[in-house]
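Trainee: This is the structure, below, for whatever I ask next.
The values are calculated or read from the model by the stated rules, or taken from the named source; none is laboratory data. Everything numeric here is computed off the predicted structure, so don't read it as measured data. Neighbour counts run over all protein chains shown; Cβ positions are idealised from the backbone, glycine included. Heavy atoms of the whole protein, side chains included, go into the accessibility calculation; ligands, DNA and RNA do not. Shrake-Rupley method; radii C 1.70, N 1.55, O 1.52, S 1.80 Å.
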Amino acid sequence: MLYRTPANIDLPPDQRPSLPRPDRVLLTTPTYYDVEYAINPHMSGNVGTVNRAAALQQWKALRATYQALDVSPVIVDGQPGLPDMVFSANQTLPFLQPDTNERGVILSRMHSAERADEVPHYADAFEDAGYRVEALPFDENLTFEGMGDAVWHPGRFLLWGGYGFRTQPAAYGAIANLLEVPILLLELQDDDYYHLDTCFCPLTPEHVLIAPAAFNDPGRALIDAQFDTIIEAPDDEARHQFACNAHCPDDTHVLIQESCEHTIDRLQRNGFRPVTLDTSEFLKAGGSVFCLKQMIW
Ligand code: ARG
């Protein structure tokens, strides 16, 4: 169920169980957002520089964009003392079981102590909403950062699993057992791309946007084997402007940081409709569109 190279993958992508696109988005209010410590290279130098009023305006524009695209926001309030909680992609991995339609989440085990206390707030919110809430088996070497590193292949019951900086590969063995899902593993090579969602953005079942420098040869071979069209973001835009931390909710629109001009042009030339957003306050903490939201069924 875990794959590191294309060699032994038996099921072609279009023969895997299909999954509906999630149609709601979980967002966390940026009331207490800040850069108070540096746990990734992007945060260094930005401690204390967040303009909270500007961050709130940028977050409201993101929320309004989803509403305009008919994706309904579900809000979990940010909490004092948890300045990174606004990055709501990281505390859970939502799932839908294709055979039973059961909805659930797997809780993250955050790599850094600074973010550990975010997770129970999401556990409570999902429990209250009637989801199946699963924890990973205890193992001191097992860390997992939700959809920062585990990304669903659009429309398919197939998971991509990044590891190397935040998530440990052991997490994917546990997830494959829990969900009975095939997982394609991608080892991350470069600490600017510390989460898979900083360098890998599946847009449709056939299209993906990537930052090539983040991957090694086996990882790149896996990506090449599973997607018909690979759109490469220029390294400076991916590394510094988070071009690949974009999000395509509907096979057409791509929400993306506005300064990624070349990437935006490449998306347009491939038939996508970019929706540009200013996420500059969140880039200071090492995040943009993709990690500011969690899609849920
Ligand atoms: N400061 C946060 C961290 O380092 C940013 C997380 C951004 N999320 C993401 N999925 N890339 O954990």
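Trainee: If you take the residues of the range 269-292 that are out of contact with any strand residue (DSSP E or B) (no Cβ under 6 Å at 6 or more places or on another chain) and small (Gly, Ala, Ser), which of them is nearest to Gln57 (Cα to Cα)?
Mentor: Taking the candidates together, the pick is Ser280.
Trainee: Filter the strands (runs of 3 or more DSSP E) completely within the range 50-111 down to those with at least 3 residues that are over 19 Å from Leu277 (Cβ atoms). Explain how you work it out, then say what you get.
Mentor: On the way: elements: 72-76, 92-96, 103-107.
Here the list reads 92-96, 103-107.
Let's see how each residue does on (1) within 25 Å of Phe215 (Cβ to Cβ); (2) touching a Gly at 6+ places or on another chain (Cβ under 9 Å):
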{"position": "Gln57", "(1), (2)": "no, no"}
{"position": "Gly81", "(1), (2)": "no, no"}
{"position": "Leu93", "(1), (2)": "yes, yes"}
{"position": "Thr100", "(1), (2)": "no, no"}
{"position": "Asp149", "(1), (2)": "yes, yes"}
{"position": "Gly161", "(1), (2)": "yes, no"}
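Trainee: Further question: Regarding Leu178, is this residue open to solvent by 20 Å² or more (accessible area, probe 1.4 Å), among the aliphatic types (A, V, I, L, M) and in a helix (DSSP H, G or I)? Even if it seems obvious, please write down each step before you answer.
Mentor: Details: open to solvent by 20 Å² or more (accessible area, probe 1.4 Å): yes; among the aliphatic types (A, V, I, L, M): yes; in a helix (DSSP H, G or I): yes.
Judged against the criteria, Leu178 is a match.
Trainee: Give me the residue from the range 245-295 that is more than 16 Å from the ligand (Cβ to nearest atom) and of a type in the set (A, V, I, L, M) and, out of that set, most open to solvent (accessible area, probe 1.4 Å).
Mentor: The extreme case among them is Val275.
Trainee: Looking at (1) away from the ligand (no atom under 16 Å from the Cβ); (2) assigned to a helix (DSSP H, G or I); (3) over 30 Å from Thr65 (Cα atoms), which is the only condition Ala171 fails?
Mentor: (1)
Trainee: Can you find even one residue in the range 285-295 that is in contact (Cβ under 8 Å) with a residue 40 or more places away in the chain and charged (D, E, K, R)? Spell out how you get there, then give the answer.
Mentor: First, the residues of the range 285-295 that are in contact (Cβ under 8 Å) with a residue 40 or more places away in the chain: 285-295.
If we keep only those that are charged (D, E, K, R) as well, we get 293.
Taking every residue of the range 285-295 in turn, at least one turns out to be in contact (Cβ under 8 Å) with a residue 40 or more places away in the chain and charged (D, E, K, R).
Trainee: Do the conditions hold for Gly78, that is, is it at positive phi, open to solvent by less than 20 Å² (accessible area, probe 1.4 Å) and of a type outside the set (S, T, N, Q)?
Mentor: Criteria not met by Gly78.
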